[in-house]
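The values are calculated or read from the model by the stated rules, or taken from the named source; none is laboratory data. Just so you know, these numbers come straight off a predicted model, no measurement behind them. FYI the Cβ positions are ideal-geometry reconstructions off the backbone, even for glycines, and counts take in every protein chain you see. Side chains are part of the model used for accessible areas, which takes the heavy atoms of the whole protein and leaves out ligands, DNA and RNA. Shrake-Rupley method; radii C 1.70, N 1.55, O 1.52, S 1.80 Å.
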Amino acid sequence: MADSRSSGDRHLLLVARKPRFGLPTACPSCLPVYLYLKLANADFSVEFDSSFSDADHIPYVEYGESVALNNEKGGVIEVLKEDDILDLNAKHTSLAIPDLVSTKAMVSSWLYEAILYELWIAIGGDIAHDIYFSDLPWPIGKILHWKKIYDVKKLLGVTKVNCEARELEIYKKANEAYDALSLKLGDQVFFFDNRPTDVDALFLGHALFVLHALPETSELRRNLLKHDSLVKYAEHLKAELQLDSTPSSTQPSSSSKDASTPSAPRRKPSSGWGSKPNPKPKKEKTEEQKKFRRRAKYFLAAQLVAVLVFLSLMGVSSESEIDDEDAVDYDEE
């Protein structure tokens, strides 16, 4: 595969959540970014952050004095493309842009919602807890887990009244996406012109997470397994990219470690997709990185405030329900 980089001699640092389930990172948001860098044959190293649980800015990529955050400008991949750092799509000479955009939208919306529903609502909480909260003290991790479930239900519009209807709708859209992607893939290695695009990174991350992280009882996993071409596609690229082994050059971040570590000058890249991320020497922090470090420290305080607000709101809600029930009983009497 031709090199799809435009980053010159720039070395990249990906900060992601820890590996598990035989995957280089167990986070469904981090995995597509990792795969995007691998498919682009980028020169990058990885650092695992366990300090900020479900923070929206993770994953992020440092390049030079800049940082591409997950919760800004459409996500890490879009920022890397916009800043002309890495663009897998740029090397395609006959790429049908409308087809690419619609396919990407389907993966980014329908399949993303299905992952959220499965991970936080449909299946037990052990998998989500292991990915996001297992390194936090039990009370904080448990409360943040409850808060995340509450936030996901609100995001997906799931209530006690419509939960069954929303579940059917989410799985229906996911199945339609699998059908369309299977038809689009055919017998190709990649979805477009037998060359990787950001669609491949997004769907490959989704498929590998579903196949390797979700339990056998998962409805989404059972539906994906019905599409042999998509399963073979995912397992073939997993082997080609040598994803069975966790990058040995990386170390998990501790709570006392900086949330942002500066990237290093690029080393000579290894050839092939299966090249392992290179370790990075330490370098003096820039002003932007120091600023980002301070922002990261504030996140812990924001987490605590969010927990307190969440508990207060839940308490008010419970009291309101009790008052309503008492009022009904009084009227009946």
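From the list 107, 101, which one is aliphatic (A, V, I, L, M) and over 19 Å from residue 155 (Cα atoms)?
Being aliphatic (A, V, I, L, M) and over 19 Å from residue 155 (Cα atoms) holds for just one of 107, 101, which is 101.
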Long-range neighbours under 7 Å by Cβ, at least six apart or interchain, first residue at positive phi within region 83-108, second surrounded by fewer than 17 Cβ atoms within 10 Å (Cβ to Cβ) and at pLDDT below 95: 84/6
Close pairs (6 angstrom Cβ cut-off, 6 or more residues apart or separate chains): farther than 12 Å from residue 233 by Cβ in region 174-199, in a helix (DSSP H, G or I) and modelled with pLDDT under 95 anywhere: 197/88; 197/89; 198/88
Neighbours by Cβ (under 8 Å, 6+ apart or cross-chain): first from region 223-247, more than 21 Å from residue 36 (Cβ to Cβ); second at pLDDT below 95: 229/186; 229/187
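Which residue is nearest to residue 31 (Cα to Cα), if the candidates are limited to region 80-138 and must be of a type in the set (Ser, Thr, Tyr) and open to solvent by less than 40 Å² (accessible area, probe 1.4 Å)? Reasoning before the result, please.
So the first thing to find is which residues in region 80-138 are of a type in the set (Ser, Thr, Tyr), and the list is 93-94, 102-103, 108-109, 112, 117, 132, 134.
Then keep just the ones that are open to solvent by less than 40 Å² (accessible area, probe 1.4 Å); that gives 103, 117, 132.
Numbers: 103: 19, 117: 18, 132: 14 Å.
The residue in question is 132.
Considering region 62-79 alone, what residues qualify as being charged (D, E, K, R) and open to solvent by 20 Å² or more (accessible area, probe 1.4 Å)? Break it down stepwise before answering.
Quick first cut of region 62-79, residues charged (D, E, K, R) only: 62, 65, 72-73, 78.
Once the filter is applied, which keeps residues that are charged (D, E, K, R) and open to solvent by 20 Å² or more (accessible area, probe 1.4 Å), region 62-79 yields 65, 72, 73, 78.
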Condition broken by residue 223, with the remaining ones in (1) closer than 22 Å to residue 121 by Cβ; (2) assigned to a loop (DSSP other than H, G, I, E, B); (3) of a type in the set (S, T, N, Q) satisfied: (2)
Tally of residues being under 13 Å from residue 182 (Cα atoms) and either surrounded by fewer than 24 Cβ atoms within 10 Å (Cβ to Cβ) or without any contact (Cβ under 8 Å) to a residue 60 or more places away in the chain (or both) across region 200-222: 2
Output for region 29-57, where each listed residue is buried (at least 24 other Cβ atoms within 10 Å of the Cβ) and under 20 Å from residue 109 (Cα atoms): 30, 31, 32, 33, 34, 35, 36
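Looking at region 174-194, which of the residues that are touching a His at 6+ places or on another chain (Cβ under 7 Å) and not in a helix (DSSP H, G or I) is surrounded by the most Cβ atoms within 10 Å (Cβ to Cβ)?
So in region 174-194, the residues touching a His at 6+ places or on another chain (Cβ under 7 Å) come out as 178, 182, 192-193.
If we keep only those that are not in a helix (DSSP H, G or I) too, we end up with 192-193.
On the way: 192: 21, 193: 14.
Across region 174-194, the extreme among qualifying residues is 192.
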